[in-house]
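As structure tokens, the structure follows; a few thoughts come after it.
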Amino acid sequence: MAHLRRNQLINRLSDAHLVKLGRRYARGRLVDVGCGEKQYEALFKPFVTEHIGVDHPDTLHGKSKVDITATGYEIPVNDCEFDTVLHTSVLEHMEDPERALRECARVLKPGGNIIFLIPFIWHVHEAPRDFYRYTPLGIRYLLEKTGFSVRELSPVCGFWGTFGQMLTYKLYKYPILRNVPSLTDRLGLLVQLSAYLVDKIDFDDDWPAVYAGAAERVAATL
């Protein structure tokens with residue numbers, strides 16, 4: 001649970017973005033690629049009729065919520081099976097992101113949407129399967145190349161939010177603080193709250209930790 005305390009700022013901001021995106025673009029049958037424990041199942045429940053979780057057999061997360069065990073490159077379902085794809089903090093772990101997005105386009109009905117979270121500034125995590133970070137230009141390029149039209153693309157936080165989140169992770173790396181977890185948790189929460197407030201005053205969208213967005217499947221996969 002420590003990682004949840006470290007991530008409270010980004011998680012809360014990401015959830016707020018996903019609620020807005022879900023309200024606008026989620027519908028029908030949703031496939032959650034890289035679902036883990038389906039942390040967004042309750043969030044998307046008001047917007048969809050079904051939430052199908054897909055994760056690979058070597059996932060580092062629990063498997064109790066996984067409905068289909070498969071990689072994000074080969075999901076064993078028919079073409080045009082789903083109305084919505086949820087792809088949160090997954091693309092950085094795919095060594096072939098273009099192939100991964102083509103598979104998302106394949107399983108989506110024309111006019112269906114992919115809703116995503118994609119990191120721009122983040123530490124190495126879930127190694128050795130951590131390959132890329134993405135600018136907004138790179139995100140648009142990949143989506144448009146694989147049959148999507150971007151509908152929304154927004155930074156989840158600005159410079160101070162990113163700085164506060166990274167500083168919180170750094171605090172947890174000091175042995176002297178790790179030995180007093182209650183103190184580290186309090187310091188981390190204080191840093192994240194301060195970063196959130198300063199971000200409100202001085203928002204610089206050149207430095208987001210994560211981008212959130214949605215794109216429509218408008219063309220057949222190549």
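Applying the condition of being aromatic (Phe, Trp, Tyr) and under 24 Å from Gly22 (Cα atoms) to the stretch 179-222 and asking which residue is surrounded by the most Cβ atoms within 10 Å (Cβ to Cβ) yields Tyr211. Out of all the residues in the stretch 33-58, which are polar (S, T, N, Q) and out of contact with any strand residue (DSSP E or B) (no Cβ under 9 Å at 6 or more places or on another chain)? The answer is none; no residue qualifies.
Looking only at helices (runs of 4 or more DSSP H) that lie completely in the stretch 1-60, which have at least 3 residues being closer than 17 Å to Gly112 by Cα and modelled with pLDDT of 95 or more? Before the answer, list the steps.
On the way: elements: 2-6, 8-25, 41-44.
Helices (runs of 4 or more DSSP H) meeting the threshold: 8-25.
Among the residues making up the stretch 168-189, those that are in contact with a helix residue (DSSP H, G or I) (Cβ under 9 Å, 6 or more places away or on another chain), in a helix (DSSP H, G or I), farther than 9 Å from Arg6 by Cα and at pLDDT 85 or above are Leu171, Leu183, Thr184, Leu187.
Residues are listed down the side, and each one gets a yes or a no for (1) more than 16 Å from Met94 (Cα to Cα); (2) at pLDDT 95 or above:
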residue	(1), (2)
Asn113	yes, yes
Ile118	no, yes
Ala127	no, no
Asp130	no, yes
Tyr134	no, yes
Gly138	no, yes
Leu143	no, yes
Arg151	yes, yes
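Being more than 14 Å from Ala212 (Cβ to Cβ), out of contact with any Cys (no Cβ under 7 Å at 6 or more places or on another chain) and exposed (fewer than 14 other Cβ atoms within 10 Å of the Cβ) holds for only one residue in Glu41, Glu37, Glu74, and it is Glu74.
For every residue, the table says whether it meets (1) within 21 Å of Ile121 (Cβ to Cβ); (2) among the basic types (Lys, Arg).
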| residue | (1), (2) |
| --- | --- |
| Gly138 | yes, no |
| Lys170 | yes, yes |
| Asp185 | no, no |
| Gly188 | yes, no |
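Within the stretch 201-222, not a single residue is assigned to a helix (DSSP H, G or I), in contact (Cβ under 8 Å) with a residue 24 or more places away in the chain, under 27 Å from Glu41 (Cβ atoms) and over 15 Å from the mean Cα position of the chain (by Cα).
For beta carbons closer than 6 Å, sequence separation of 6+ or different chains, a first residue in the stretch 178-196 that is closer than 17 Å to Phe163 by Cα and a second that is loosely packed, with under 13 Cβ neighbours inside 10 Å and not small (Gly, Ala, Ser), there are no qualifying pairs.
Per the conditions (1) among the β-branched types (Val, Ile, Thr); (2) assigned to a strand (DSSP E or B); (3) surrounded by fewer than 21 Cβ atoms within 10 Å (Cβ to Cβ), the sole criterion not satisfied by Val85 is (3). For the stretch 143-159, the set of residues classified as surrounded by fewer than 21 Cβ atoms within 10 Å (Cβ to Cβ) and assigned to a helix (DSSP H, G or I) consists of Glu144, Lys145, Phe159, listed by residue number.
Matching residues to (1) surrounded by fewer than 20 Cβ atoms within 10 Å (Cβ to Cβ); (2) assigned to a helix (DSSP H, G or I); (3) touching a residue at least 12 places away in the same chain (Cβ under 8 Å); (4) in contact with a Gly (Cβ under 7 Å, 6 or more places away or on another chain):
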residue	(1), (2), (3), (4)
Glu103	no, yes, yes, yes
Asn113	no, no, yes, no
His123	yes, no, yes, no
Asp130	yes, no, yes, no
Tyr141	yes, yes, no, no
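The values are calculated or read from the model by the stated rules, or taken from the named source; none is laboratory data. All values derive from a computational prediction rather than experimental measurement. Here Cβ is always computed from backbone atoms with ideal geometry, including for glycine, and neighbour counts include all displayed protein chains.
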